[in-house]
């Protein structure tokens, strides 16, 4: 009605946030896939160099450990374990002897993959700065930061082991000091022990997410262990859930795609190339598993590097030039 009071909003309009806005999950994935597609020759060569040896060792020792377990485990007939089929001490020793190389191969693969993440991050950095990504440049930047990466792995591993030990001590103290019920398998001791175990697991996950941007920061900012810890802690602040979701999605996609590729490659190798080349089926299957892991090795490091540049743009926006005053 003309002449009446003007309508006023119940709440004032929310101000538009200043600075760069965070990339949505779909945008992070799209950028990562674009980088993988654009630089796949360099990324594949880096995966062969860094993920290849560890993948082959892990696949071979894992296959040997699995075959040993299948050979010594009691047989099951009609859903029942054979009463006279008991694992002997010699068979247990065989299982341990097969487990030790597998664990050693897993550690070696983890270290090599972590070093390779530096090279993958260098490729993402070149793409970010519109530079041509080359194998030689990625290797040079990766090897230059390798001592820092090894120090970072050692330090963070010690911290994680310490947290897990504290959790185990807390669980043991809860069991010893507080009463437990043998009838209900519960009681205050069991409850507090469960809380201590869950708290330790949550602490490990939280710390791992806070350290996620460290390797891309090492490559892009050319920094060492102490500065990488500081920068990753700074960049990941208020973004733990976002990093966790992206890391979980990347790990899940890596596992699914690697499994699918390994199955397809195993069919091709075992059914075709293995008989022609005279390879044993287990060797062909190990090669197929390794190739599947190699082909997807760049995915998670590229995602983390893309996320690092996104976090840096928002947490450390560029300072405007002096005298650049903006106003209405």
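Take the conditions at pLDDT below 85 and out of contact with any helix residue (DSSP H, G or I) (no Cβ under 8 Å at 6 or more places or on another chain) and apply them to residue 193. Does it pass? Against the criterion (at pLDDT below 85 and out of contact with any helix residue (DSSP H, G or I) (no Cβ under 8 Å at 6 or more places or on another chain)), residue 193 does not qualify. Within the set 99, 112, 158, the sole residue that is surrounded by fewer than 15 Cβ atoms within 10 Å (Cβ to Cβ), out of contact with any strand residue (DSSP E or B) (no Cβ under 7 Å at 6 or more places or on another chain) and part of a helix (DSSP H, G or I) turns out to be 158. Surrounded by 11 or more Cβ atoms within 10 Å (Cβ to Cβ), farther than 30 Å from residue 139 by Cα, at pLDDT 55 or above and in contact with a helix residue (DSSP H, G or I) (Cβ under 8 Å, 6 or more places away or on another chain): is that true of residue 65 in this structure? When the stated conditions are applied, residue 65 passes them. Close Cβ contacts (under 7 Å, 6 or more residues apart or on different chains) running from residues in the stretch 277-292 that are on the phi > 0 side of the Ramachandran plot and buried (at least 21 other Cβ atoms within 10 Å of the Cβ) to residues that are in a loop (DSSP other than H, G, I, E, B) and modelled with pLDDT under 80 are absent. Scanning the stretch 229-244 for residues that are in contact (Cβ under 8 Å) with a residue 12 or more places away in the chain and either on the phi > 0 side of the Ramachandran plot or surrounded by fewer than 13 Cβ atoms within 10 Å (Cβ to Cβ) (or both) gives a single hit, 237.
When we screen 216, 179 for residues that are over 24 Å from residue 153 (Cα atoms) and either at pLDDT below 95 or crowded, with 17+ Cβ neighbours inside 10 Å (or both), the only hit is 179.
The values are calculated or read from the model by the stated rules, or taken from the named source; none is laboratory data. Bear in mind the structure is a predicted one, so any value in this text is a computation, not a measurement. Please note: Cβ atoms are built from the backbone with ideal geometry, for glycine as well, and neighbour counts cover all protein chains shown.
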